[in-house]
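The values are calculated or read from the model by the stated rules, or taken from the named source; none is laboratory data. Keep in mind that what you see is a predicted model, and the values were worked out from it rather than measured. Here Cβ is always computed from backbone atoms with ideal geometry, including for glycine, and neighbour counts include all displayed protein chains. To get the accessible areas, we keep the full protein, side chains included, count just its heavy atoms, and leave off ligands, DNA and RNA. Shrake-Rupley method; radii C 1.70, N 1.55, O 1.52, S 1.80 Å.
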Amino acid sequence: MSTGRLIIDLDAVVANWRALDSMTNCKTAAVVKANGYGLGAANVSKALFKAGVRQFFIAVAEEAVAIREELGPKPEVCVFSGHMKGDTDLIRDLGLTPMLNSVEQLTHHLETLPGHPFGIQLDTGMNRLGLEMQEWAAVAELALAQQPRLVMSHLACADEPDHPMNPYQLAQFHKMTDGIQVPRSLAATGGILLGPDYHFDLTRPGIGLYGGLPFETAAPAVELDLPVIQIRDVAEGEVVGYGNAWQAERPSRIATVSGGYADGITRILSDKATLYHGDTPCPLVGRVSMDLLTIDVTDLTEVPTKLSLIGPNQTVDDLARAANTIGYEVLTQLGARYNRKTFGK
Ligand SMILES: *Cc1c(COP(=O)(O)O)cnc(C)c1O
């Protein structure tokens, strides 16, 4: 097998969901957008369904196909992008719950699918999706008369517990929703960790399920090993890779491994990433190629057959830091051509 081996631990995902669920006294849904943050939406939602999850969130209606194929009609599948023109057939045929986010969407939904379930998305300051205060005031009575399944908003800075935006958005959400007889939801992973004031009736964790920050005690859900294709010795002064970007300062041993930017290992990691052989760090030298990395294994006492990019010595967030990004992006960029081994329920 010449592609990287991506090990996906569904028991860890389930354990993370249980841990987040146990932090609140309300219901806990699961966000499985972007193919379950890169881990596989069908596998992930199947494992979580078995563990008791009955409400899933996705970004766009098309993402529901894989989930309905796996789980059938039972769980509620909610769509953050709401009811866009062109989504009507999918929303009806797959029984989806769009989180309507504008007056236009609300009108469109009530006209095209009267009586079909929906939720409402409010903007409490992030200015990304959702009805603003005045818009909501204008349509709240009409919308609430149709008994929405959920009224929700999203926090912009929940990964920074002391950020003044958190209490500000909380106050806005109260102003807009206090007294309504509909379940409310404000918290994703970060919001759960902010404490009970933020929990309302339902939480919507994503990244925490998959082992990422800000859920610091999460169980890691993925490991990634890259196979060594070839090993060579280079003399002091010899160069490695595109652009001669690295030059040996001592006689060195270079391992060329399978994996590159086409697999989501961003080029920004050129000369920056570290791979591991057991506990021994091995620096990536030179540029990340489309399908290959060159690794300095001079200090190893044995010849490696594979090197670890994500594992016990380097978490998804460690790798994200080296790449100047966040764990969310590392996970959702995990390559499609890896040899994926999914284990657990
Ligand atoms: C992605 C997303 C979530 C999940 O957020 P995490 O930070 O991954 O827990 C929840 N709600 C909305 C609206 C989102 O877009």
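Out of Asn166, Asn127, which single residue is more than 30 Å from Glu69 (Cα to Cα), without any contact (Cβ under 8 Å) to a residue 12 or more places away in the chain and within 14 Å of the ligand (Cβ to nearest atom)? Let's see the steps before the verdict.
Numbers: Asn166 fails: without any contact (Cβ under 8 Å) to a residue 12 or more places away in the chain.
Just one listed residue meets the conditions, Asn127.
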Discussion item. Condition first: in contact with a His (Cβ under 7 Å, 6 or more places away or on another chain) and open to solvent by less than 40 Å² (accessible area, probe 1.4 Å). Now tell me which residues in the range 74-115 satisfy that.
Written reply: His83, Ile91, Pro98, Leu100, Gln105, His108, His109
Discussion item. Please go through the range 228-239 and give me each residue that is touching a residue at least 24 places away in the same chain (Cβ under 8 Å) and in contact with a Lys or Arg (Cβ under 9 Å, 6 or more places away or on another chain), ordered by number.
Written reply: Val228, Ile231, Arg232
Worksheet item: What's the number of the condition Arg250 fails, among (1) outside the structural domain of Leu331 (by TED's automatic domain parsing); (2) in a loop (DSSP other than H, G, I, E, B); (3) away from the ligand (no atom under 16 Å from the Cβ)?
Response: (1)
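On the basis of being farther than 30 Å from Arg5 by Cβ, within 16 Å of the ligand (Cβ to nearest atom) and in contact with a helix residue (DSSP H, G or I) (Cβ under 7 Å, 6 or more places away or on another chain), does Arg204 make the cut? Walk me through it before giving the result.
Working: farther than 30 Å from Arg5 by Cβ: yes; within 16 Å of the ligand (Cβ to nearest atom): yes; in contact with a helix residue (DSSP H, G or I) (Cβ under 7 Å, 6 or more places away or on another chain): no.
Criteria not met by Arg204.
So that you can scan it fast, the table gives a plain yes or no per residue for (1) away from the ligand (no atom under 15 Å from the Cβ); (2) in contact (Cβ under 8 Å) with a residue 60 or more places away in the chain; (3) in contact with a helix residue (DSSP H, G or I) (Cβ under 7 Å, 6 or more places away or on another chain); (4) in the same structural domain as Gly335 (by TED's automatic domain parsing):
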residue	(1), (2), (3), (4)
Asn25	yes, yes, no, no
Ala30	no, yes, yes, no
Tyr37	no, yes, yes, no
Leu48	no, yes, yes, no
Asp89	yes, no, no, no
Discussion item. Here are the criteria: (1) in contact with a Phe, Trp or Tyr (Cβ under 8 Å, 6 or more places away or on another chain); (2) open to solvent by 80 Å² or more (accessible area, probe 1.4 Å); (3) aliphatic (A, V, I, L, M). Tell me which single one Val303 does not satisfy.
Written reply: (1)
Discussion item. Please verify whether Ile295 is closer than 28 Å to Ala336 by Cβ and assigned to a loop (DSSP other than H, G, I, E, B), treating the condition exactly as stated.
Written reply: no
Discussion item. So Tyr210 ticks every box in (1) hydroxyl-bearing (Ser, Thr, Tyr); (2) open to solvent by 10 Å² or more (accessible area, probe 1.4 Å); (3) over 21 Å from Ile120 (Cα atoms) but one. Which box is left unticked?
Written reply: (2)
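Would you check if Gly195 is within 8 Å of the ligand (Cβ to nearest atom) and either under 21 Å from Phe57 (Cα atoms) or in the same structural domain as Ile58 (by TED's automatic domain parsing) (or both)? Explain how you work it out, then say what you get.
Details: within 8 Å of the ligand (Cβ to nearest atom): no; either under 21 Å from Phe57 (Cα atoms) or in the same structural domain as Ile58 (by TED's automatic domain parsing) (or both): yes.
Considered against the rule, which asks whether it is within 8 Å of the ligand (Cβ to nearest atom) and either under 21 Å from Phe57 (Cα atoms) or in the same structural domain as Ile58 (by TED's automatic domain parsing) (or both), Gly195 comes out as no.
In the range 42-78, which residue that is in contact with a Ser or Thr (Cβ under 7 Å, 6 or more places away or on another chain), not in a loop (DSSP other than H, G, I, E, B) and not acidic (Asp, Glu) is nearest to Gly208 (Cα to Cα)?
Step one: list which residues in the range 42-78 are in contact with a Ser or Thr (Cβ under 7 Å, 6 or more places away or on another chain), which gives 43, 56, 59-60, 67, 70-71, 76-78.
Next, from what is left, pick out any that are not in a loop (DSSP other than H, G, I, E, B): 43, 56, 67, 70-71, 76-78.
Still in the list and also not acidic (Asp, Glu): 43, 56, 67, 71, 77-78.
Values: Asn43: 17, Phe56: 15, Ile67: 20, Leu71: 22, Val77: 19, Cys78: 19 Å.
So, considering only residues that are in contact with a Ser or Thr (Cβ under 7 Å, 6 or more places away or on another chain), not in a loop (DSSP other than H, G, I, E, B) and not acidic (Asp, Glu), the one nearest to Gly208 (Cα to Cα) is Phe56.
Scan the range 11-39 residue by residue and report those that are open to solvent by 10 Å² or more (accessible area, probe 1.4 Å) and under 24 Å from Glu69 (Cβ atoms). If you could, list the steps in order and put the result at the bottom.
Filtering the range 11-39 for residues open to solvent by 10 Å² or more (accessible area, probe 1.4 Å) gives 11, 14-15, 17-19, 21-28, 33-35, 37.
If the condition is that a residue be open to solvent by 10 Å² or more (accessible area, probe 1.4 Å) and under 24 Å from Glu69 (Cβ atoms), then Asp11, Val14, Trp17, Thr28, Lys33, Ala34, Asn35, Tyr37 are the ones that fit.
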